[in-house]
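Q: What follows is a structure written as structure tokens; I'll ask about it next.
The values are calculated or read from the model by the stated rules, or taken from the named source; none is laboratory data. Computed from a predicted model, the values in this text were never measured in an experiment. Here the Cβ is made from the backbone with ideal geometry for all residues, glycine too, and neighbour counts use every protein chain on show. Surface accessibility is based on the protein's heavy atoms, side chains included, excluding ligands, DNA and RNA. Shrake-Rupley method; radii C 1.70, N 1.55, O 1.52, S 1.80 Å.
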Amino acid sequence: MLFLATMAATALPMAGPMARTSCVRSPPIMCSTSASNLLYLDAMGASGRRADVEAELLAPNTQEMTEPNPKRARSSGGGFGGRQKGGSARGAAGFGSTSSRAETTEEKLETLRAQTLTEDGVVLIKGGLERETALALREAVIDEIKRAREAVRLDPAASPSRFHVPVEQPTRAFTLLPFRDEASAAAGHANGPIIQAMRELLGRDAAVGNLFGRMCDGSDSQLHDFYALRTEPGSARQQVHFDTPFQKTPPLFAAFIALQDVTIEMGPTVFLPKTHTRTAARKAFDGGIYDGRRDAMLAKARSNYALLSAGDLVMFDMRTLHAGTANQLEKGSTRYFLCVTFRNLKANDVELGHIPCIRAGYVEKFNLGEIRDELDCEMPFSAAGDGLPSL
């Protein structure tokens, strides 16, 4: 989640399948010519130029991401990491195999995805949401953004509680979401597009929720981020970055869920597999910015961009290197993602480097088990409210 490159300068053309992500221009950011503003604009331009260099370096070895190949699967025995908290009975929580019986087809798929996440740091999951659910959630997100903008118009100080920043960014922005969309809550509806999406993703025995639990801390996995990401045509390519620095225990796993079909022109996210651990390549990236080792590493690195259909998602270890690519000004279109992150409480919270991107009233309030309990209720999250700070 790199903010620095979101206003950057025009992307240079590049070879290969990602060449069509050029044609980006900077939106007008500010009119003042004060020294501080000029320095800010210089920084944005430098960031954009650096992102262009990285795009050129990665292009020869960039391919479209695919689902994991079943041939890579291996017997998991007691599951990845063994018996996990909350997973004492496989059917109850779904966090790793805990018996000697043969795995079902669904369990084998979970094992394959967990293996891929462990080894590559990223995995593509088709159909995490039903297509109709994803499209309905997109409309709900658009409505939430309109309501958030109106709230900020009436009270500019409300921006951090709605958009996570003092001023909403014009081309790449977060919108912190309630668990129950405002329209459904106002109408007294027990369910709505956000609740439905949460049930499909995180409900009892949902595959995505099971995978979060398996990779993090079982039922104790703590919800860390819950927001919508919006990128507009003109959103520039980001520099390659990580969202949390390396530590031995993987601290955060995130899912980017597409709420519409994502084309190459819309700026798909590109991931560099196997960069989530302290390999020689990752050390070169981290320590080689001034001596050329970072560029040499990127020139050799394999990278995969995620073209998603509505409801598809990418789950990744947030130590993994990645970058949002450019949303074309002329051929691109607005892209919406639901972004969900869970935290492993066994990891060192001092070293996270990633503050919760979630409404203030929800911070550190819900783990996976509690979310599943709420989703089993007739009126889920009714006591949680909208998560906004009290007036």
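One line per residue, one yes/no per condition, for (1) farther than 20 Å from residue 55 by Cβ; (2) of a type outside the set (Val, Ile, Thr):
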{"residue": "196", "(1), (2)": "yes, yes"}
{"residue": "257", "(1), (2)": "yes, no"}
{"residue": "268", "(1), (2)": "no, yes"}
{"residue": "276", "(1), (2)": "yes, yes"}
{"residue": "288", "(1), (2)": "no, yes"}
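Q: Which condition from (1) open to solvent by 20 Å² or more (accessible area, probe 1.4 Å); (2) touching a residue at least 12 places away in the same chain (Cβ under 8 Å); (3) outside any helix (DSSP H, G or I); (4) over 17 Å from residue 122 (Cα atoms) is the one that residue 245 breaks?
A: So the condition that residue 245 fails would be (4).
Q: Further, regarding this structure: Name the residues in the stretch 163-188 that are buried (at least 17 other Cβ atoms within 10 Å of the Cβ) and in contact (Cβ under 8 Å) with a residue 60 or more places away in the chain, would you? Lay out the reasoning, then the answer.
A: Keep residues of the stretch 163-188 that are buried (at least 17 other Cβ atoms within 10 Å of the Cβ), which gives 163-164, 168-169, 171-182, 184-185.
Matches in the stretch 163-188: 164, 169, 171, 172, 174, 176, 177, 178, 179, 180, 182, 185.
Q: Restricting to the stretch 134-146, count the residues that are in contact with an Asp or Glu (Cβ under 8 Å, 6 or more places away or on another chain) and crowded, with 16+ Cβ neighbours inside 10 Å. Full working, then the answer.
A: Here is the first cut: in the stretch 134-146, the residues in contact with an Asp or Glu (Cβ under 8 Å, 6 or more places away or on another chain) are 140, 143-144.
Next cut, crowded, with 16+ Cβ neighbours inside 10 Å only: 140, 144.
Within the stretch 134-146, residues that are in contact with an Asp or Glu (Cβ under 8 Å, 6 or more places away or on another chain) and crowded, with 16+ Cβ neighbours inside 10 Å number 2.
Q: Scan the stretch 352-370 and give yes if some residue there is in a loop (DSSP other than H, G, I, E, B), open to solvent by 10 Å² or more (accessible area, probe 1.4 Å), small (Gly, Ala, Ser) and under 23 Å from residue 135 (Cα atoms), otherwise no.
A: Within the stretch 352-370, none of the residues are in a loop (DSSP other than H, G, I, E, B), open to solvent by 10 Å² or more (accessible area, probe 1.4 Å), small (Gly, Ala, Ser) and under 23 Å from residue 135 (Cα atoms).
Q: Collect the residues in the stretch 224-273 that are more than 17 Å from residue 138 (Cβ to Cβ) and of a type in the set (Lys, Arg), keeping them in residue-number order.
A: Across the stretch 224-273, the qualifying residues are 237, 248.
Q: Quick one: in the stretch 147-162, of everything that is without any contact (Cβ under 8 Å) to a residue 12 or more places away in the chain and either within 18 Å of residue 341 (Cβ to Cβ) or within 22 Å of the chain's Cα centre (by Cα) (or both), which residue is most open to solvent (accessible area, probe 1.4 Å)?
A: For the stretch 147-162, the residue satisfying everything is 160.
Q: Just one of the numbered conditions (1) without any contact (Cβ under 8 Å) to a residue 24 or more places away in the chain; (2) basic (Lys, Arg); (3) over 27 Å from residue 250 (Cβ atoms) is not true of residue 283; which one?
A: Against the list (1) without any contact (Cβ under 8 Å) to a residue 24 or more places away in the chain; (2) basic (Lys, Arg); (3) over 27 Å from residue 250 (Cβ atoms), residue 283 comes up short only on (3).
Q: Something else: Among the residues of the stretch 125-133, is there at least one that is of a type outside the set (Phe, Trp, Tyr), assigned to a helix (DSSP H, G or I) and either free of Cβ contacts under 8 Å to residues at least 24 places away in the same chain or open to solvent by less than 20 Å² (accessible area, probe 1.4 Å) (or both)?
A: At the first step, the residues of the stretch 125-133 found to be of a type outside the set (Phe, Trp, Tyr) are 125-133.
Cutting the leftovers down to assigned to a helix (DSSP H, G or I) gives us 131-133.
Among the residues that remain, those that are also either free of Cβ contacts under 8 Å to residues at least 24 places away in the same chain or open to solvent by less than 20 Å² (accessible area, probe 1.4 Å) (or both) are: 132-133.
Yes: the stretch 125-133 contains one or more residues that are of a type outside the set (Phe, Trp, Tyr), assigned to a helix (DSSP H, G or I) and either free of Cβ contacts under 8 Å to residues at least 24 places away in the same chain or open to solvent by less than 20 Å² (accessible area, probe 1.4 Å) (or both).
Q: Restricting to the stretch 159-178, count the residues that are at negative phi and either in a loop (DSSP other than H, G, I, E, B) or of a type in the set (Gly, Ala, Ser) (or both).
A: Our first condition is that a residue be at negative phi; within the stretch 159-178, this holds for 159-163, 165-178.
From what is left, the residues that are either in a loop (DSSP other than H, G, I, E, B) or of a type in the set (Gly, Ala, Ser) (or both) are 159, 161, 165-171, 173, 177-178.
Residues that pass the stated criteria total 12.
Q: Can I ask one more? For residues that are of a type in the set (A, V, I, L, M), out of contact with any helix residue (DSSP H, G or I) (no Cβ under 8 Å at 6 or more places or on another chain) and within 21 Å of residue 213 (Cα to Cα), tally how many sit in the stretch 123-158. So that I can check it myself, show each step before the final result.
A: Going residue by residue through the stretch 123-158, those that are of a type in the set (A, V, I, L, M) are 123-125, 129, 134-137, 140-142, 145, 148, 151-152, 154, 157-158.
This time we only want the ones that are out of contact with any helix residue (DSSP H, G or I) (no Cβ under 8 Å at 6 or more places or on another chain), so: 124, 135, 141-142, 145, 154, 157.
Still in the running and within 21 Å of residue 213 (Cα to Cα): 124.
Of the residues in that region, 1 qualify.
Q: Between residues in the stretch 363-391 that are closer than 24 Å to residue 162 by Cα and residues that are surrounded by fewer than 15 Cβ atoms within 10 Å (Cβ to Cβ), which pairs lie under 6 Å by C-beta distance while being six or more apart or on different chains?
A: So the pair list comes out as 379/190; 389/360.
Q: Report whether or not residue 200 is assigned to a helix (DSSP H, G or I) and loosely packed, with under 15 Cβ neighbours inside 10 Å.
A: On the way: assigned to a helix (DSSP H, G or I): yes; loosely packed, with under 15 Cβ neighbours inside 10 Å: no.
Judged against the criteria, residue 200 is not a match.
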